[in-house]
């Protein structure tokens with residue numbers, strides 16, 4: 001037992017001695033050895049550009065989209081374009097059958113000739129009865145002008161304006177309703193039939209609004225035309241009376257003269273209707289949709305196709321809610337389309353929605369940017385998918401340091417530790433400008449090439 005205890009004591013002494021030696025050699029420098037200095041992390045003040053951006057995605061939409069139709073009704077005889085065709089202003093898009101219109105023009109020409117023959121046959125002096133009729137015609141024309149003016153005032157104060165406003169309000173509501181359903185459909189939460197139902201409701205509301213607008217415009221134009229016709233009739237009646245009272249001309253001559261004028265106006269209208277049987281492009285653009293077929297009976301002002309312009313296209317895009325501060329009207333953007341990955345287009349934000357929207361169950365900022373194409377010929381199609389880079393802020397040729405070098409001493413106040421050439425350190429106040437989270441622009445307090453500590 002004593003021998004066993006002795007061996008245990010010897011073993012413990014050896015272990016304690018070895019451990020002490022290891023501790024001694026590891027934590028206490030030996031003679032002739034120097035302790036290693038820790039390495040200081042530093043960075044040099046550089047000069048360059050700093051850009052703060054936000055990324056988003058969206059699609060190309062037309063800047064202007066218009067439903068185009070004939071000003072007269074008839075049978076569609078020719079459609080000269082297809083969906084996707086590019087057209088120039090003035091190009092013929094479609095034609096109506098002109099058989100009835102040509103006949104109407106021919107009949108108007110006959111009426112002009114008959115009125116002119118009648119005018120040539122009338123050359124007698126006026127009678128008292130004819131003078132009385134002429135004076136009565138002036139009074140009647142004056143009364144008609146007053147009635148036309150009253151009718152015009154009544155038209156302006158009619159309920160049509162309220163109807164237009166009501167339909168516009170309904171249309172605006174259906175726009176929001178449809179786009180909400182569209183987002184649900186794109187997110188897979190809405191069926192195709194429900195999406196189509198929402199779209200049809202929007203189109204129906206748009207049609208009712210346009211119908212109300214057209215009705216109001218037509219009534220106003222008709223009222224104005226009535227005034228102009230009444231003024232013209234009064235002028236004719238007054239002129240006729242003046243001639244009857246001053247010269248030996250008969251009332252029959254004045255009637256014949258007026259008949260000639262009316263026949264000429266009718267012929268002019270018939271010629272205008274014949275000309276209107278050709279549908280011309282009102283601007284340079286792309287045919288987006290054709291809604292009429294050859295042989296179909298078309299009403300006046302009924303849309304037959306939709307024309308859109310992509311000369312100054314808009315990119316409708318979304319960015320994450322966290323990047324709200326970066327999206328402002330006037331901020332420049334860089335746009336790359338999925339179909340044209342090797343080209344970058346520039347533009348400017350022209351509109352930002354005042355409300356957040358939901359994209360893929362995530363709140364997002366909705367905005368529109370106008371592309372700057374200049375004179376460049378490029379084939380862009382509505383609906384093209386785009387990646388958008390919003391340039392929120394930028395600084396060029398500024399002094400840059402890593403943000404790790406900054407020490408905030410108070411809100412908006414910073415210092416850095418400058419490492420002098422001799423290795424000594426100096427704490428220096430600096431004025432900081434733009435930062436992108438990695439580098440910061442230093443406006444005052446540092447010089448190019450100086451070294452700062454990152455610790």
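Numbers for the structure displayed
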item	result
Label-point separation in nm, residue 342 to residue 291, each point 7 Å along Cα→Cβ	4.1
Ranked by how many other beta carbons lie within 10 Å on average, peptides 54-61, 164-171 from highest	54-61, 164-171
Förster radius 51 Å - calculated FRET efficiency between residue 99 and residue 187 (Cβ-Cβ, nearest 0.05)	0.45
Theoretical ellipticity at 222 nm over the chain - DSSP helices of four or more residues, -39500 (n - 2.57) apiece, nearest 500	-14500 deg cm²/dmol
Rounded tilt (10° steps) of 160-186 against the dominant C-alpha axis of the chain	40
Contact order normalised by residue count of the chain, Cα under 8 Å, 6+ apart, percent	29
Footprinting exposure proxy for 283, 345 (fewest neighbouring C-beta atoms within 10 Å first)	283, 345
Whether segment 277-332 is rounded, prolate or oblate, judged on the alpha carbon gyration tensor where a/c under 1.5 counts as rounded	prolate
Efficiency of FRET between residue 271 and residue 175 - r from beta-carbon atoms, R0 51 angstrom, step 0.05	0.80
Relative compactness, segment 99-277, computed as alpha-carbon Rg over 2.2 N^0.38 Å	1.67
Inter-label distance for residue 44 and residue 373, nm, one decimal - labels placed 7 Å from Cα along Cα-to-Cβ	4.7
At q = 0.07 Å⁻¹, base-10 log of I(q)/I(0) for the chain (Debye sum, equal scatterers on each alpha carbon)	-0.70
Distance in nm between pseudo-label sites at residue 85 and residue 425 (7 Å out along the Cβ direction from Cα)	7.7
Cα-based Rg of segment 305-421 normalised by 2.2 N^0.38 Å, two decimals	1.46
Ranked packing of 232-243, 187-198, most packed first, by mean Cβ within 10 Å	232-243, 187-198
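The numbers here are math on the coordinates, done by the rules we state, and not lab data. This one's a predicted model, so the numbers in the text were calculated from it and none came from an experiment. For neighbour counting, all protein chains shown are included, and Cβ atoms are generated from backbone atoms with ideal geometry for every residue, glycine included.
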